[in-house]
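Contents: one structure, followed by commentary.
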Amino acid sequence: MRPDASALRHGGALDAAIARHGGRRKDWLDLSTGINPVAAELPAFPPEAVSRLPESGLERTVLESARLAYGAPADAGIVAAPGSQALISLLPFLLPPTEVAIVEPTYAEHRRAFAAAGHCVVGIDRPDDIADTVKIAVVVNPNNPDGRVFSRAELFELYERMAARSGLLVVDEAFMDVTPDMSLASEAGRPGLLIHRSFGKFFGLAGLRLGFALTTLDLAEQLSERLGPWAVSGPALVCAEALLGNDAAIQATRQRIRRQAERLFEAVLDRRTPLIGRTALFATIRHERAGALFEALCRRRILTRPFAERPDWLRIGNPAGPDDAARLRAALAEALDEIGGER
């Protein structure tokens, strides 16, 4: 049985999996997303965080905390949104329709958003493949779902090429927080550069819906105006103020995620499922019957992420701890034996 493409377009569709395979939510191990499975400790919420509209002063504090946490210059533009997805969806409508090149395979919402706004979108394998006619380039770094990483030097060279033609380079750094030395955030504010950052993936608080764009002052203002007032909720701003301004919490979260990633790597080691790539928050494996493997894991109440466009790929997110990692390792071995294939 093939996964339901509409229900499983993205990870995290646990209700759909339960409807098809049964069980209760507490029975399932959801490894279908690239989100830290251990949520950061929430700060105490003052009553006005939910009873009043967010104050502009709090948003300014959060933007400054984000600027410092991501290493963006003081003169860079920065805008907060209810998730980086909101910024991904909005950005193409602020730009005149043109030719857009996206390094693929990658997060499909970039292509979907630019196409919806009337741009001509082409997929390319590497940044070096961008044609001279392209005015907007999109790179996800580290890339989702194959884990490819592009060096700062490689992307800055691409930026200079795009800037020379008055173009725009969009770098989606949703999975960058564990490896900040690779980020282009220190270059934010340069004309023709926009960097997406995700708050929820790193801190395990995706439900808060908070993301940022680092770019020029002008483009940040345009994005902010289109988002409208009070775009980010009070609780999200309170959490961001507490966590983005806490270097000790950031460092501890990085170390925790690195331990998770090592457990995941050990759990998926099997020569029947070679590793395509990995980031600090997920690993992607290959199997000629990845759809059958997905279903076999679902029968064991473990949800992973299949890809209709890559039917031999399966992405698996970090287990929260040793017990979940051991459960995954055992279930994966059983599932592989069930669907057949060489040892």
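The values are calculated or read from the model by the stated rules, or taken from the named source; none is laboratory data. Since this is a predicted model, take the numbers as computed values, not measurements. Cβ: placed from backbone, ideal geometry, glycine included. Neighbour counts: every protein chain shown. These area figures cover heavy atoms from the full protein model, side chains too; ligands, DNA and RNA do not enter into them. Shrake-Rupley method; radii C 1.70, N 1.55, O 1.52, S 1.80 Å.
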Once amide hydrogens are built 1.01 Å from N within the peptide plane, the residues lying 5 or more places from residue 33 or on another chain with amide H under 5 Å from its amide H are 12, 317
Provide 279, 179 ordered by accessible surface of protein heavy atoms (probe 1.4 Å), highest first.
179, 279
Would you check the accessible area of residue 316, probe 1.4 Å, heavy atoms only, in square angstrom rounded to 10?
0 Å²
What is the projected area of the convex hull of the Cα atoms of the range 223-310, averaged over all directions, in nm²?
9.3 nm²
How large is the convex hull of the Cα atoms of the chain per residue, expressed in Å³ as a whole number?
137 Å³
Projecting the Cα atoms of 215, 290, 149 onto the charge dipole of the chain, where Lys and Arg contribute +1 and Asp and Glu -1 at Cβ, the residue farthest towards the positive end is 290
Given a Förster distance of 25 angstrom, what is the FRET efficiency for residue 64 paired with residue 181, based on the Cβ-Cβ distance and rounded to 0.05?
0.70
Using DSSP to call loops (not H, G, I, E or B), can you name the GluC sites (Glu not before Pro) in the range 1-96 whose Cβ has at most 14 other Cβ atoms within 10 angstrom?
41, 55
For the range 73-149, convex hull of alpha carbons as volume per residue, Å³:
122 Å³
Sum -39500 (n - 2.57) across every DSSP H segment of at least 4 residues in the chain, then divide by the residue count to get the 222 nm mean residue ellipticity, nearest 500.
-11500 deg cm²/dmol
Rh by Kirkwood over Cα pairs, then Stokes-Einstein D for the range 181-283 at 1.567 mPa s and 4 °C, µm²/s
79 µm²/s
Of 192, 108, 158, which is farthest along the charge dipole of the chain in the positive direction, counting Lys and Arg as +1 and Asp and Glu as -1 at C-beta?
108
Given a Förster radius of 22 Å and the C-beta distance between residue 333 and residue 288 as r, what FRET efficiency does 1/(1 + (r/R0)^6) yield to the nearest 0.05?
0.80
With the crude spin-label approximation of a point 7 Å out along Cα→Cβ, what separation in nm comes out for residue 27 versus residue 51?
4.3 nm
The range 85-222, dipole about Cα centre (Lys/Arg Cβ +1, Asp/Glu Cβ -1), debye to the nearest 20
340 debye
Under a 1.4 Å probe, what is the accessible area of the chain per residue, stated in Å²?
43 Å²
P(r) for the range 151-194: what percent of alpha-carbon pairs falls in each 5 Å bin, starting at zero?
5, 23, 35, 23, 10, 4, 1
Which helices pass in the chain if a helix is a full DSSP H run, must span at least 20 angstrom along its long axis by Cα, and must have mean Kyte-Doolittle hydropathy not below -0.5?
56-70, 322-339
Dipole of the range 113-179, Cα-centred, from +1 at each Lys and Arg C-beta and -1 at each Asp and Glu C-beta, to the nearest 20 debye?
200 debye
Go through 273, 306, 246 and say which Cα lies farthest out towards the positive end of the charge dipole of the range 245-343; charges sit on Cβ, +1 for Lys and Arg, -1 for Asp and Glu.
246
Cα pair distances exceeding 18 angstrom across the range 4-138, given as percent:
73 percent
Residue by residue through the range 31-43, the couplings from Karplus 6.51 cos²θ - 1.76 cosθ + 1.60 with θ = phi - 60°, in Hz, x for Gly and Pro, are 10, 8, 10, x, 10, 3, x, 10, 5, 5, 5, 6, x
How big is the charge dipole of the chain about its Cα centre, in debye rounded to the nearest 20, if each Lys and Arg gets +1 on its Cβ and each Asp and Glu gets -1 on its Cβ?
1000 debye
